[in-house]
Amino acid sequence: MAHIVTFTRSTPDTAAKVWVDNKGEVTWGDVATVVNPWDEYSLEETIVQAKSSGGESTVIAIGPALHDDALKHSIAMGVKNALRIEEPGADMNDSLVWSALAAGAIQKLGDVDLIIFGKESVDAATDQHTFQLARRLGWTMLSYVSAILEVDYAAGVIKVEKMLEQGKQVIAAKLPAVISVMKGINEPRYPNFLGIRKAAKAQIPVWSAEDIGVALPQPATSALRYMNPPARAISTEIVEGEDTAAKAAALVERLFEEKVL
Amino acid sequence: MSVFVWIETFAGRALPGSWEALGAAEKIAGSFDTDITALMFGAEAASIASEAGRRGAARAIVCADGSLLEYRQETYAALLSALIQDRRPVAVVSVATNRGRELLASAAGDTESGLISDVIDLRLEDGKIIGTRPAYAGKVLMEMTCHTATTFVTIRGRAFPAATPGDESAVAVEEVAAIPVPESIQTEVLDFASEAGKVNLTDAAVIVSGGRGMANNPAAPPGDISGDEATIWKAKDGYANTLTPLAQTLGAAIGASRAAVDAGYIPYEHQVGQTGKVVSPDLYIACGISGAIQHQAGMRNSKIIVAINKDAQAPIFKLARYGIVGDLYDVVPALTAALKERLHS
Ligand SMILES: Cc1cc2nc3c(=O)[nH]c(=O)nc-3n(C[C@H](O)[C@H](O)[C@H](O)COP(=O)(O)OP(=O)(O)OC[C@H]3O[C@@H](n4cnc5c(N)ncnc54)[C@H](O)[C@@H]3O)c2cc1C
Ligand SMILES: Nc1ncnc2c1ncn2[C@@H]1O[C@H](COP(=O)(O)O)[C@@H](O)[C@H]1O
């Protein structure tokens with residue numbers, strides 16, 4: 001029986017205003033968080049893969065209780081099991097620390113065939129978690145997947161379509177594998193009433209580093225400072241003219257003056 | 001020591017962003033009083049090495065082993081990680097393309113090193129490399145540093161000037177062997193469908209972008225098409241016959257809003273924004289795009305933004321340096337004509 005695992009967490013709503021307050025901390029006021037938007041696709045794919053193989057699905061968040069919201073959303077969509085990992089005092093944003101905890105959890109689960117990530121997190125976009133987890137586990141890595149063409153969990157093989165900047169590749173590989181998926185791979189479902197009720201009742205287990213038996217590495221990075229971006233002084237000029245042709249000609253002149261053409 | 005730069009290649013040619021990575025590496029090498037080693041794996045590695053030399057690399061490490069002809073994470077990361085363990089560079093730099101992100105993150109993991117991704121500015125303070133990067137879709141900036149012997153940096157495309165070529169290349173080229181990779185994690189490329197001929201959005205100096213407004217095309221669809229199908233036909237016709245001529249005149253890439261992508265007007269590859277591509281061209285022309293915050297996240301850092309929209313109140317005008325209030329199906333053809341005239345005069 002296949003076991004599909006996905007990772008997710010909560011991020012501020014993409015429409016929220018986010019700024020650095022006078023203590024130097026990042027805040028988005030009291031706007032609610034959402035599940036990382038890129039993960040709607042990985043959650044959907046996890047549910048589809050588990051269902052079509054008659055297998056298990058598990059969603060994992062690493063970090064504080066804030067991420068329970070994303071886990072509950074995942075359960076409401078239809079992921080069976082949820083799990084949060086929290087190690088007070090550890091820098092869980094550091095990708096080496098993060099991947100040590102993630103790899104430990106996967107090894108403790110023991111029977112995982114496929115791990116599905118979203119392309120990136122919309123807030124931090126560290127772009128490391130997925131790849132470093134694959135390397136720690138010593139598993140196949142397939143990134144930016146736009147379609148799973150074939151997968152045979154019993155035979156341990158997978159065939160995917162992958163997006164490059166220059167086109168699309170078809171790749172064959174062995175399981176177990178870590179993949180990251182793109183928008184367009186599926187149409188994420190909305191949680192239904194039953195799902196929402198199930199999520200509301202769910203008790204989410206929390207594991208510590210000791211529970212999963214990993215020794216944490218020293219964090220490799222530090223965030224030194226957050227800053228509000230310098231305000232861009234834009235004065236907009238609405239180009240006027242007698243008719244459309246005159247406006248267009250005037251705009252072309254401006255663009256040559258700006259030296260962008 | 002030395003600063004490593006991974007020169008990303010495709011079909012035997014260096015990507016333009018790789019020379020920007022070399023430019024960023026010069027900044028680091030200068031502050032550490034060391035030199036630059038360009039790394040090239042795969043086809044044409046030797047000829048690209050001499051170009052890297054003309055652009056300032058003192059040394060090049062090349063590997064043209066058959067297993068590296070095509071980029072694959074497992075073979076490239078195995079070699080890069082082995083070279084880093086062996087040579088201990090102060091930094092490893094590449095441009096933050098899909099492959100650059102993957103390769104550097106993998107090697108940083110293998111060598112237990114820190115990585116700062118998507119960097120738009122670099123400086124040195126007390127012997128430490130400090131990278132500035134956008135977070136929260138560019139709503140805030142953060143400064144990061146690494147505590148490990150090697151600092152990995154991926155730079156955002158078009159954020160650093162490219163290292164310019166001189167006449168002379170005195171690069172010392174060293175050939176290395178590939179590192180064997182376990183059978184269990186090897187991937188096999190079965191097929192590739194190229195999108196050759198299209199301008200890559202993230203490299204583009206000019207982008208012409210169309211949004212939901214593309215659907216308001218006065219052209220009439222064939223009689224047997226109606227409803228949503230007709231709307232999609234109109235929008236597609238607009239991209240092909242109204243936006244593309246402007247893009248071709250400008251040598252521009254074509255972008256789109258998510259609303260246009262989700263409605264099926266244009267493939268996802270063209271989406272600009274928080275869940276699409278982040279671009280920073282010299283010129284971004286937004287046609288029939290309202291300028292939602294998630295769209296802004298992908299194009300806010302364009303040098304000059306032009307908005308063409310029939311609604312004078314559309315938020316995109318707050319971001320634009322120049323705007324024309326009007327129907328894009330009148331304005332865009334007029335703009336194409338005016339450009340052609342000006343370019344040929
Ligand atoms: C999690 C999340 C992620 C998102 N990510 C992205 C993203 O990556 N990229 C993105 O773009 N959006 C994204 N969005 C969607 C975003 O919120 C907007 O819905 C979207 O950008 C709107 O696209 P639009 O401007 O084309 O459409 P609209 O907002 O409908 O605007 C259409 C505009 O066209 C104008 N118009 C209509 N007809 C004409 C005409 N004939 N001539 C001239 N002007 C005309 C109208 O005046 C209007 O301003 C995201 C949303 C969420 C929730
Ligand atoms: N703390 C976390 N817990 C669970 N998943 C995460 C966490 N951080 C990032 N991810 C997921 O990892 C993927 C890549 O994120 P990132 O490396 O931050 O760009 C996305 O699918 C994220 O949702």
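All but one of (1) more than 16 Å from ligand 1 (Cβ to nearest atom); (2) crowded, with 21+ Cβ neighbours inside 10 Å; (3) in contact (Cβ under 8 Å) with a residue 12 or more places away in the chain hold for residue A:119; which doesn't?
(1)
Which residue is farthest from ligand 1 (Cβ to nearest atom), if the candidates are limited to region A:74-116 and must be within 15 Å of the chain's Cα centre (by Cα) and part of a helix (DSSP H, G or I)?
Here the residue is A:99.
Please determine, by comparing only the residues of region B:319-333 that are facing another protein chain (nearest Cβ under 7 Å) and surrounded by 23 or more Cβ atoms within 10 Å (Cβ to Cβ), which one is nearest to residue B:140 (Cα to Cα).
B:320
Would you be able to tell me the number of residues in region B:308-318 that are touching a Ser or Thr at 6+ places or on another chain (Cβ under 8 Å) and at the interface with chain A (Cβ under 9 Å from one of its Cβ atoms)?
Residues that pass the stated criteria total 2.
Taking region B:219-256, which residues are within 14 Å of chain A (Cβ to nearest Cβ) and either within 16 Å of ligand 1 (Cβ to nearest atom) or more than 21 Å from the chain's Cα centre (by Cα) (or both)?
Within region B:219-256, B:242, B:245, B:246, B:249, B:253, B:256 meet the criteria.
Please go through region B:272-293 and give me each residue that is surrounded by 23 or more Cβ atoms within 10 Å (Cβ to Cβ), touching a strand residue (DSSP E or B) at 6+ places or on another chain (Cβ under 7 Å) and within 9 Å of another protein chain (Cβ to nearest Cβ), ordered by number.
Scanning region B:272-293 gives a single hit, B:281.
What residue, among those in region A:28-38 that are hydrophobic (A, V, I, L, M, F, W, C) and not in a strand (DSSP E or B), is farthest from ligand 2 (Cβ to nearest atom)?
A:31
Considering only residues that are in a loop (DSSP other than H, G, I, E, B), away from ligand 2 (no atom under 16 Å from the Cβ), more than 8 Å from chain B (Cβ to nearest Cβ) and without any contact (Cβ under 8 Å) to a residue 24 or more places away in the chain, which ones fall in region A:12-27?
Once the filter is applied, which keeps residues that are in a loop (DSSP other than H, G, I, E, B), away from ligand 2 (no atom under 16 Å from the Cβ), more than 8 Å from chain B (Cβ to nearest Cβ) and without any contact (Cβ under 8 Å) to a residue 24 or more places away in the chain, region A:12-27 yields A:16, A:21, A:22, A:23.
If a residue has to be touching a Lys or Arg at 6+ places or on another chain (Cβ under 8 Å), at the interface with chain A (Cβ under 7 Å from one of its Cβ atoms) and not in a loop (DSSP other than H, G, I, E, B) to count, how many in region B:184-201 make the cut?
Within region B:184-201, residues that are touching a Lys or Arg at 6+ places or on another chain (Cβ under 8 Å), at the interface with chain A (Cβ under 7 Å from one of its Cβ atoms) and not in a loop (DSSP other than H, G, I, E, B) number 6.
Are any residues in region A:207-240 surrounded by 14 or more Cβ atoms within 10 Å (Cβ to Cβ), more than 11 Å from every other protein chain (Cβ to nearest Cβ) and not in a loop (DSSP other than H, G, I, E, B), and if so, which ones?
A:207, A:209, A:211, A:212
Select from region A:185-205 the residues that are assigned to a loop (DSSP other than H, G, I, E, B) and aliphatic (A, V, I, L, M) and write down the one among them that is surrounded by the most Cβ atoms within 10 Å (Cβ to Cβ).
A:185
Quick check: is even one residue across region B:215-229 without any contact (Cβ under 8 Å) to a residue 40 or more places away in the chain and of a type in the set (S, T, N, Q)?
Among the residues of region B:215-229, at least one is without any contact (Cβ under 8 Å) to a residue 40 or more places away in the chain and of a type in the set (S, T, N, Q), which makes the answer yes.
Would you please name the residue that is nearest to residue B:63 (Cα to Cα), looking only at residues in region B:10-35 that are at pLDDT 95 or above and polar (S, T, N, Q)?
The extreme case among them is B:18.
Right, residue B:94: within 14 Å of residue A:95 (Cβ to Cβ), at pLDDT 95 or above and buried (at least 24 other Cβ atoms within 10 Å of the Cβ) or not?
Answer is no for this residue.
Which ones in region A:122-134 are free of Cβ contacts under 8 Å to residues at least 40 places away in the same chain and surrounded by fewer than 24 Cβ atoms within 10 Å (Cβ to Cβ)?
If the condition is that a residue be free of Cβ contacts under 8 Å to residues at least 40 places away in the same chain and surrounded by fewer than 24 Cβ atoms within 10 Å (Cβ to Cβ), then A:124, A:125 are the ones that fit.
Being more than 16 Å from ligand 1 (Cβ to nearest atom) and either within 19 Å of residue A:188 (Cβ to Cβ) or β-branched (Val, Ile, Thr) (or both) is the filter here, so list the residues in region A:59-73 that pass it.
Passing the criteria: A:59, A:60, A:61, A:62, A:67, A:71, A:72.
Restricting attention to region A:39-56, does a residue exist that is within 14 Å of chain B (Cβ to nearest Cβ), part of a strand (DSSP E or B), within 11 Å of ligand 2 (Cβ to nearest atom) and within 14 Å of the chain's Cα centre (by Cα)?
The answer is no, given that none of the residues of region A:39-56 is within 14 Å of chain B (Cβ to nearest Cβ), part of a strand (DSSP E or B), within 11 Å of ligand 2 (Cβ to nearest atom) and within 14 Å of the chain's Cα centre (by Cα).
Out of region A:241-260, which residues are more than 7 Å from chain B (Cβ to nearest Cβ) and assigned to a loop (DSSP other than H, G, I, E, B)?
Within region A:241-260, A:241, A:242, A:243, A:259 meet the criteria.
Output the residue which, of all residues in region B:202-218 that are more than 16 Å from ligand 1 (Cβ to nearest atom) and in a loop (DSSP other than H, G, I, E, B), is surrounded by the most Cβ atoms within 10 Å (Cβ to Cβ).
In this case the residue turns out to be B:204.
The values are calculated or read from the model by the stated rules, or taken from the named source; none is laboratory data. Keep in mind that this is a model prediction, so the values were computed, not measured. Heads up, the Cβs are rebuilt from the backbone with ideal geometry, glycines too, and the neighbour counts pull from every protein chain shown.
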